[in-house]
Amino acid sequence: MARSTELFADEVQVMKALFQDYSKRTDCEAVATVEQDVSDICEVCSSREADARATIKELSRQVQDLGQTAAYPHREGLHAERVAALRRQIDQHQQVEEQLRAAQTSAQEAADMGKAEESLLRHQLSMYAHITRVTWRLDQAQAVAGTVSDSKSGDIRLFNFDPKTVSNFELVNALWELL
């Protein structure tokens, strides 16, 4: 029989070791520690979840507040109406500028024509003065006055007529007589 005990001695040894391992309290303590850790983790997760919900709720409130303050304060389409009104004003301003340019061009053309006419009139007056030998006194605005020179006799005759006392017909006849 000793031999049969020896045959199973190794197995008995293993069984004894297993029995000792299973009879120890360390496994129960390890399981209790793990269960406590799981419980602590669940509490931390619940606390963090509550904090996250509170943060989300606060951020949602802030988004609503910002949405209300960021809303365009005027009625819809007002900006487009203002832009259209400004474009009409710009168009009107451009039309006025075009009219001004056209008026300036016309004024310049009239001035150029006036200069040409002035030159022609100066020439005609010069010829008239040379032919008639009349020198007008333009310093007397209220009177028709001047001198007439007679090249044959060498005389210089003065004339001075008041248009208020003499009619235009009489004035023209008197001037013709002087010539």
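Quick check on the stretch 158-170. Is at least one of its residues surrounded by 11 or more Cβ atoms within 10 Å (Cβ to Cβ), in a helix (DSSP H, G or I) and at pLDDT 85 or above?
Yes, the conditions are met somewhere in the stretch 158-170.
Please indicate, with yes or no, whether at least one residue in the stretch 39-53 is at pLDDT below 85 and either within 34 Å of the chain's Cα centre (by Cα) or of a type in the set (D, E) (or both).
no
Looking at the stretch 121-152 only, could you name the residues that are over 15 Å from E177 (Cβ atoms) and either touching a helix residue (DSSP H, G or I) at 6+ places or on another chain (Cβ under 6 Å) or part of a loop (DSSP other than H, G, I, E, B) (or both)?
Scanning the stretch 121-152 gives R137, L138, D139, Q140, A141, Q142, A143, S151, K152.
Has the stretch 86-108 got any residue that is in a loop (DSSP other than H, G, I, E, B) and surrounded by 10 or more Cβ atoms within 10 Å (Cβ to Cβ)?
Within the stretch 86-108, not a single residue is in a loop (DSSP other than H, G, I, E, B) and surrounded by 10 or more Cβ atoms within 10 Å (Cβ to Cβ).
The values are calculated or read from the model by the stated rules, or taken from the named source; none is laboratory data. Just so it is clear, the model here is predicted, and its values are computed rather than measured. Here the Cβ is made from the backbone with ideal geometry for all residues, glycine too, and neighbour counts use every protein chain on show.
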